[in-house]
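I have placed the structure first, in the form of structure tokens, so that the comments after it can refer back to it.
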Amino acid sequence: MNQVRLNPRDRRRFLIEASKFGVAASAAELLSGWASPAFAQRPTDRGAPGDSAPPTGTGGLSLPLPPVLMAGPGAPIALDAIQATQAFTAAGSTSTMGFGQPYLGPVIRVKRGTSVPVAIRNRTGEAITTHWHGLHVEGRVDGGPHSAFDSGSTWSPTLDIDQPASTLWYHSHVHGRTASQVHAGLAGMLIIDDPDAPPSGLPQTWGVDDIPLIVQDRAFDGQGRFVYRPFGPAVMQGFKADTILVNGAIRPRASVPAGLVRFRVLNASNARIYQFGFEDGRRFHQVASDGGLLQRPVAVTALQLAPAERAEIVVDFSDGRHARLLSADDNNTFMGGMGRGMMGGMMAGGALPGVRAADGRFEVMQFVVDRSRGGAVRELPAHLAGAPARPAWGEPVRQRRFELSVHAGGMGMGMGMGMGINGQSMSMNRIDAEVRVGQTELWRIVSNDMAHPFHIHGTHFEVLSHNGRPVAFETTGLKDTFLVQGEAELRVHFERKADRRTPYMYHCHILEHEDAGMMGQFTVS
Ligand code: C2O
Ligand code: CU
Ligand code: CU
């Protein structure tokens, strides 16, 4: 076997990193992970064996579990945003950014009905923001581009939490630098719990049968450094890379009990769209989307997640079979040109994920069932108590149309081309829409040259139709990001205020598109 040797320094760094993670990783598992060729990430790495044996040979590190930060009135979200280094591969370490840790941040948990103080100290060496993606808070505390704060200073808003239990996230949002800062690691998961909602009946033991999965793709050079060059195709198609990270570990392996396990999946990639599914084709259930629980669990075999989307799924491991989570390739390319195959892959950002299953899909991670542990939850409820009721927002009082495209005459991309919405690239000094608080609007989002994940700050929306047809049940819940290819009709309702000094944003969540100007600003008053 092609063993990777770690020098003593890298070994120590791995130990230090690994010791911070509470989860399934025993020291022995971590050690076997380090010695595994998975860290080499060579295209010749053939991945793991199938279902019959535990996939130990090439599975990589144990899944890291991010630390949890329980925040509330007396327990602020106090984090230092830092610049750091981290070794993701055995080849060496790379420079990173993180909230309170070298890469990514803790999972922040807050309760509905509370006011949560925040103190983010910026020690990164550059201006950052902290945007609460999916959180219904006013523009002045939303952490958008106008709330940038310099290195050496602290940003201290107070967040009034009032929305259904849901899995959200947070990330930096400096105009023109969101893509590179999120790529470096300035992102984390944010969970809202609702103490007043009846228990859903879903698995909820953190780290055991309720597990966060933050999925990203990255590229590394021969010294283990991130390769991130946001120009040319990496702007047109968005940055897509060949190495999959889950919670900051390359194609990790998680130990799960022999029962139902809930995963909170966040696509925190800059541009990659995943089509998740299991190698054995097993069915699983989606129970939540961006805005919270669905009314009932939906049986699926595939889950599409565009950048910034979240889904909660429940997977049944009670038969003891190990499982490999895969994804189909992302063929979302500008103008649909060379959509498939090798050229498509190259056009889609230069590199295809290297570890493939027999059916051609690439590996995301593996699940090893610990048969000595049963699941606490044996059966999914037919209806999910605590799911937000269908909103009674009433008929839209006005319509707006937003066309996401590349246009002539912009500044963002050279050659006289720009990315924008309705023919204009984002300007910090221009308000593109003014909305009234308490009103419902119909937003028509048009996206003809490729699929763009459209996101709106400060609220959630319902997807009424996509290309004239109703959407699948799992997309009927409250959403804040929706992948539009063609035309989508969104019913949006605005309850929080945002003034001209700190307006809300709407934008494509392919971060390179956003930075290139595919974003607009709106006020709510
Ligand atoms: Cu996830 Cu405007 O952001
Ligand atoms: Cu957002
Ligand atoms: Cu886009």
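The values are calculated or read from the model by the stated rules, or taken from the named source; none is laboratory data. Because the structure is a prediction, the values reported are computed rather than measured. No Cβ is skipped: glycine too gets one built from the backbone with ideal geometry, and neighbour counts run over all protein chains shown. Heavy atoms of the whole protein, side chains included, go into the accessibility calculation; ligands, DNA and RNA do not. Shrake-Rupley method; radii C 1.70, N 1.55, O 1.52, S 1.80 Å.
Remarks
- Residues located in segment 501-518, provided they are more than 15 Å from ligand 2 (Cβ to nearest atom) and surrounded by fewer than 24 Cβ atoms within 10 Å (Cβ to Cβ): Arg501
- Within segment 305-334, the set of residues being within 17 Å of Pro212 (Cα to Cα) and open to solvent by 40 Å² or more (accessible area, probe 1.4 Å) comprises Asp316 only.
- Flag for Arg430 being within 15 Å of ligand 1 (Cβ to nearest atom) and over 23 Å from the mean Cα position of the chain (by Cα): no
- In the set Val182, Val174, Val137, Val118, only one residue is modelled with pLDDT of 95 or more and open to solvent by 10 Å² or more (accessible area, probe 1.4 Å); that residue is Val174.
- Selection of segment 480-500 for residues being within 16 Å of ligand 2 (Cβ to nearest atom) and either on the phi > 0 side of the Ramachandran plot or among the hydroxyl-bearing types (Ser, Thr, Tyr) (or both) yields only Thr481.
- Counting only strands (runs of 3 or more DSSP E) that sit completely within segment 112-177, those holding 2 or more residues that are of a type in the set (D, E, K, R) correspond to 115-123.
- Taking the criterion of being within 11 Å of ligand 1 (Cβ to nearest atom), more than 23 Å from Trp393 (Cβ to Cβ) and of a type outside the set (A, V, I, L, M, F, W, C), the residues of segment 492-514 that qualify are His509, Glu514.
- Residue that is within 30 Å of Val435 (Cβ to Cβ) and free of Cβ contacts under 8 Å to residues at least 60 places away in the same chain, where the choices are Pro145, Pro117: Pro117
- Any hit, segment 280-293, residues being open to solvent by 10 Å² or more (accessible area, probe 1.4 Å), part of a strand (DSSP E or B) and not polar (S, T, N, Q): yes
- Test for Arg430: is it open to solvent by 30 Å² or more (accessible area, probe 1.4 Å), touching a strand residue (DSSP E or B) at 6+ places or on another chain (Cβ under 8 Å) and either assigned to a loop (DSSP other than H, G, I, E, B) or acidic (Asp, Glu) (or both): yes
- Tally of residues being in a loop (DSSP other than H, G, I, E, B), within 16 Å of ligand 2 (Cβ to nearest atom) and on the phi < 0 side of the Ramachandran plot across segment 433-479: 4
- Selected residue [free of Cβ contacts under 8 Å to residues at least 60 places away in the same chain and under 17 Å from Val174 (Cα atoms)] from Ile456, Ile510: Ile456
- Any hit, segment 469-476, residues being aromatic (Phe, Trp, Tyr) and surrounded by fewer than 15 Cβ atoms within 10 Å (Cβ to Cβ): yes
- Residues of segment 149-169 classified as out of contact with any Phe, Trp or Tyr (no Cβ under 9 Å at 6 or more places or on another chain) and open to solvent by 30 Å² or more (accessible area, probe 1.4 Å), total: 10
- Any hit, segment 213-227, residues being on the phi < 0 side of the Ramachandran plot and part of a helix (DSSP H, G or I): no
- Exactly one residue out of Ala299, Ala258 is farther than 23 Å from Glu514 by Cα, among the small types (Gly, Ala, Ser), open to solvent by 10 Å² or more (accessible area, probe 1.4 Å) and touching a residue at least 24 places away in the same chain (Cβ under 8 Å): that is Ala258.
- Verdict on Glu489 being among the charged types (D, E, K, R) and within 16 Å of ligand 1 (Cβ to nearest atom): no
- Scope segment 121-146; condition under 23 Å from Ile214 (Cβ atoms) and away from ligand 2 (no atom under 16 Å from the Cβ); matching residues: Arg121, Asn122, Arg123, Thr124, Glu126
- Of the residues in segment 479-488, not one is modelled with pLDDT of 95 or more and closer than 18 Å to Gly394 by Cβ.
- Test for Gly232: is it open to solvent by 20 Å² or more (accessible area, probe 1.4 Å) and without any contact (Cβ under 8 Å) to a residue 40 or more places away in the chain: yes
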